[in-house]
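Read through the structure below, which is laid out as structure tokens, and then see the notes.
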Amino acid sequence: MASETTLVQHLDRLVTMDAQDRELTDAYVVSVNGAIAAVGSGDPPEEHSRGQVIDGRGLVALPGLVNTHHHFFQTLTRVLPAAQDCRILDWMAANYPYWAKIDEEAVYDTARVAVAELLLSGCSTSSDHLYAFPKNSGSPLQMLSAEITAAAELGMRFHPTRGAVDVSIDAGGSPPKELVEDTDSVLASMEEALRRFHDPAAGSMCRLGLSPNSLTICTPRLMEESAALARRHGLTLHTHVAEVIEEEEYCLEVFGKRPLERLADLGWVAQDVWLAHVVHVDEIEIGFLAERGCGVAHCPTSNMRLASGMAPLYDMLDAKVAVGLGVDGSASNDTGNVLAEARQALLLSRVRERDRLLSARQALRIATVGGASVLKRDDIGQVVVGMQADIAMYRLAGVSAAGAEHDPVAALVMGQPPRVHHLLVKGRFAVKDGELARTSEQEIVARHRKTVRRLVG
């Protein structure tokens with residue numbers, strides 16, 4: 001079989017994110033069968049001059065961005081009026097009636113919107129935490145399959161997680177009974193999901209994780225047995241923790257322990273785990289995360305939107321905790337732009353720290369190398385030979401970029417985040433000339449609007 005070669009040449013700037021933090025000018029990248037075969041400056045090697053050629057003049061290139069926490073289905077209820085100006089418990093109460101109506105069609109339509117938005121920001125890899133499986137809305141496996149199908153159709157590298165809730169509002173949790181599953185059924189579904197969907201191979205486009213929602217709405221049995229199941233099969237684990245101070249108060253009252261300590265008791269602070277938010281932690285707990293190799297999905301916009309607090313990002317980085325960015329659900333962020341999230345991470349860190357200023361390049365490293373580390377991937381996040389050919393290319397143009405010629409790399413974070421110009425995932429276009437390469441953005445939006453009208457009104 002003939003090899004598939006793509007050559008990107010004469011890039012104005014290539015940010016490799018390699019161990020030396022090299023930034024190349026007049027740069028080229030060669031992809032062969034989805035993996036990077038050559039990187040350098042000047043004219044590319046003659047043997048790679050055939051195949052698809054992309055003119056990189058005027059473009060700044062990065063590794064494809066990585067999103068480590070999302071809830072695709074929440075594009076259904078963006079800027080819901082009743083949920084705009086409240087903190088998390090009231091926010092959830094306002095959203096639950098609509099989430100309790102989602103079905104397989106809604107999961108597919110909302111996933112296509114979420115994936116398209118991420119791709120257009122330059123994000124080549126995303127996780128998703130799907131935990132809303134209403135009774136009488138079809139099989140959870142079919143719903144999970146729907147979002148996996150959507151990601152594959154648009155060309156995204158995907159880390160879906162089979163989420164779950166098994167403690168209802170009647171039992172001391174927050175979700176309505178329509179969203180609560182039987183524990184045995186959840187575990188059986190998780191095992192079937194990993195058999196159907198998980199691909200552990202190098203360069204995989206779909207790796208499954210298991211993700212009970214949180215300590216407060218999942219039973220200890222579900223937390224412990226899902227972790228054991230994941231470890232038998234080499235899957236990653238994901239959940240929310242330490243997002244709001246109310247969770248800390250609940251855990252101290254019910255378990256006599258802080259949230260992270262309670263998670264550790266259940267086997268959930270380990271190298272195969274990544275945790276969303278981690279806002280309310282102290283220095284000792286940060287050291288514990290670093291010691292155990294546990295990753296963190298930092299979600300600055302969502303944390304601000306819901307008045308949850310400011311995560312100690314710089315302290316975690318100093319302690320060598322693996323940190324990536326998460327846009328979080330589109331109902332608690334209202335956008336799904338990873339480049340914009342890098343900007344928020346930089347700005348919020350500076351508000352918190354004042355004397356330790358996170359740089360634009362540090363923010364981009366969190367969005368690329370950091371995200372890859374959090375998702376336990378050693379084949380993405382850098383533009384180096386042997387890595388997957390996931391490359392985001394941006395054109396800084398127009399009035400919003402005028403004057404930013406001094407440092408076009410920093411401008412990606414410190415200025416208005418541009419739409420990605422080209423995005424390669426596994427060496428193939430997912431975005432070309434600023435438009436989705438495999439489907440129509442207008443068709444995705446039109447179909448999504450019909451679903452919103454059907455379920456929300």
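Considering only protein heavy atoms, what per residue accessible area in square angstrom results for the chain with a 1.4 angstrom probe?
Roughly 38 Å² per residue, with all protein chains present.
Dipole size in debye (nearest 20) for the range 290-368 around its Cα centre, Lys and Arg Cβ +1, Asp and Glu Cβ -1? Display every interim value, and only then the final one.
Working: 10 positive and 8 negative charges, 41 e Å.
Its charge dipole is roughly 200 debye.
Could you estimate the translational diffusion coefficient of the range 102-194 from the Stokes-Einstein equation, with Rh from the Kirkwood formula over C-alpha pairs, at 4 °C and 1.567 mPa s, in whole µm²/s?
For the chosen part, D equals 93 µm²/s.
Given Cβ point charges of +1 (Lys, Arg) and -1 (Asp, Glu) and nothing else, what value in debye, to the nearest 20, does the dipole of the chain about its Cα centre take?
It works out to roughly 760 debye.
222 nm [θ] for the chain, helices only, -39500 (n - 2.57) per DSSP H run of 4+, per residue, to 500?
-10500 deg cm²/dmol
Setting aside same-chain residues fewer than 8 positions from residue 177, which aspartates and glutamates have a Cα under 14 Å from its Cα?
Of all the aspartates and glutamates, those that pass the test against residue 177 - Cα under 14 Å, at least 8 places apart if same chain - are 166.
Which lysines have a Cα less than 24 Å from the Cα of residue 426, not counting those fewer than 8 places away in the same chain?
376
Taking all protein chains in place and a 1.4 Å probe, what share, in percent, of the accessible surface of the chain do carbon and sulfur account for?
Solvent-exposed carbon and sulfur of the chain make up 50 percent of the total.
So what are the three principal axis dimensions of the range 414-457 from its Cα atoms, in whole Å, longest to shortest?
That gives 38, 29, 16 Å along the principal axes, largest extent first.
Beyond 25 Å, what share of the Cα-Cα pairs of the range 1-114 is found? Please give it as a whole percent. If you can, show how the numbers build up before the last one.
Values: 3262 of 6441 pairs.
Tail of the P(r) past 25 Å holds 51 percent of the pairs.
Mind giving me the nanometre distance, one decimal, between the label points for residue 224 and residue 177, set 7 Å out from Cα along Cα→Cβ?
2.7 nm
Under 37 °C and 0.692 mPa s, how fast does the range 240-390 diffuse according to Stokes-Einstein, given a Kirkwood radius computed over C-alpha pairs? Answer in µm²/s, whole number. Display every interim value, and only then the final one.
Details: Rh = 15.7 Å.
The diffusion coefficient I find is 209 µm²/s.
Mind checking which lysines have their Cα closer than 23 Å to the Cα of residue 450? Skip sequence neighbours fewer than 8 apart in that chain.
101, 135
Quick one: Cα convex hull volume of the chain, Å³ per residue?
With only Cα atoms used, the chain gives 139 Å³ per residue.
Placing +1 on the Cβ of each Lys and Arg and -1 on the Cβ of each Asp and Glu in the chain, which of 259, 64, 452 has its Cα farthest towards the positive end of the resulting dipole?
452
The values are calculated or read from the model by the stated rules, or taken from the named source; none is laboratory data. Given the structure is predicted, the values throughout are model-derived calculations rather than measurements. We place every Cβ from the backbone using ideal geometry, glycine too, and count neighbours over all the protein chains shown. Keep in mind that these areas ignore ligands, DNA and RNA; they rest on the heavy atoms of the full protein, side chains included. Shrake-Rupley method; radii C 1.70, N 1.55, O 1.52, S 1.80 Å.
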